[in-house]
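Here's the structure we're looking at; comments come further down.
The values are calculated or read from the model by the stated rules, or taken from the named source; none is laboratory data. No experiment lies behind these values; they were computed from the predicted model shown. We place every Cβ from the backbone using ideal geometry, glycine too, and count neighbours over all the protein chains shown.
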Amino acid sequence: MNKKTYQNAFKTGVLALTLLTFGIGSAQQVVGDATKQGDVVPGTTATAGAVRVVDNKGTIKYLQSKNGITMLSNTTDDVTTTTWQLGGALTDDTFIDVDGNIFGLDGIELIDIATESASSDATTASSAGTGTGYTILVRDEATGATKKLLATDLIQSGQESFTATAAQAAYPLTGSPVLPAFSQVWVYRNGAKLIANVDYTVATSTVTLVPNTTVPNDWAVYDGDVIEVQFVK
């Protein structure tokens, strides 16, 4: 490869690597020296490595990739093309600061709820093809990390019935679920809906009935009454 070709390869490589790197966010190493990888051997090295180039002053320099960028070198002896492409393993924690700008992905496929269902076998750090169904990507506000959530955990609901004893006030739900706000909790006595925060109160996983002793709206809990609690969150 002559000097002119090296110059063109250097300029093209720098441009490609810059566009790819800043397109997904800089690697989190911002100070210090990056360890040089082994030289790419044309026709032999398939992935990774350092590409040696010569600038217009005759200085030998190296281009290499890391942290989510894959470098692929041709293994055909008479073609010395090296390509940087999006996709690969993150070696450092990486954050993209959108700084108020829109960051989005076009072309995302819509889930077909007629044929696809929420995952029931998703696991931590699983790879594509190892589970079934779908999960939901969420953001951990404390760390900024992107995590996945079972769709069944996004919206939880419950229903439980009790056969009351005379004057029974407290009704703790099985499994101790943390009940949400009154607008998401419904309580019924013998099929009649009670008034939230008037006829009953909610604290953690317990519903407490507050009978009314004022005529004509007075009521009490009698032995054998059926108390039903429904909630969604």
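Numbers for the structure displayed
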item: Every residue from segment 174-185 that is surrounded by 13 or more Cβ atoms within 10 Å (Cβ to Cβ) and either among the basic types (Lys, Arg) or not in a loop (DSSP other than H, G, I, E, B) (or both); result: Phe182, Gln184, Val185
item: Residues of segment 146-173 that turn out to be closer than 30 Å to Thr132 by Cα, in a loop (DSSP other than H, G, I, E, B) and out of contact with any Pro (no Cβ under 9 Å at 6 or more places or on another chain), as a count; result: 1
item: Options Leu105, Leu137: the member that is assigned to a loop (DSSP other than H, G, I, E, B) and under 23 Å from the mean Cα position of the chain (by Cα); result: Leu105
item: Hits in segment 186-208 - residues which are β-branched (Val, Ile, Thr), over 14 Å from Val232 (Cα atoms) and not in a loop (DSSP other than H, G, I, E, B); result: Thr201, Thr206, Val207, Thr208
item: For Val187: the one exception among (1) farther than 30 Å from Ala220 by Cβ; (2) touching a Leu at 6+ places or on another chain (Cβ under 7 Å); result: (1)
item: Set Ala125, Ala114: member being part of a loop (DSSP other than H, G, I, E, B), on the phi < 0 side of the Ramachandran plot and loosely packed, with under 10 Cβ neighbours inside 10 Å; result: Ala114
item: Matching entry among Thr80, Thr130, Thr76 (being of a type in the set (Ser, Thr, Tyr), in contact (Cβ under 8 Å) with a residue 60 or more places away in the chain and not assigned by TED's automatic domain parsing to the domain that holds Leu194); result: Thr80
item: Which listed residue, of Val198, Val232, Val226, Val178, is modelled with pLDDT of 95 or more, more than 30 Å from Val98 (Cα to Cα) and β-branched (Val, Ile, Thr); result: Val226
item: Long-range neighbours under 7 Å by Cβ, at least six apart or interchain, first residue closer than 19 Å to Ala203 by Cα within segment 181-193, second assigned to a loop (DSSP other than H, G, I, E, B); result: Phe182/Asn197; Gln184/Lys233; Val185/Leu179; Val187/Leu194; Tyr188/Leu194; Arg189/Asp225
item: Options Gln168, Gln156: the member that is surrounded by 11 or more Cβ atoms within 10 Å (Cβ to Cβ) and under 34 Å from the mean Cα position of the chain (by Cα); result: Gln156
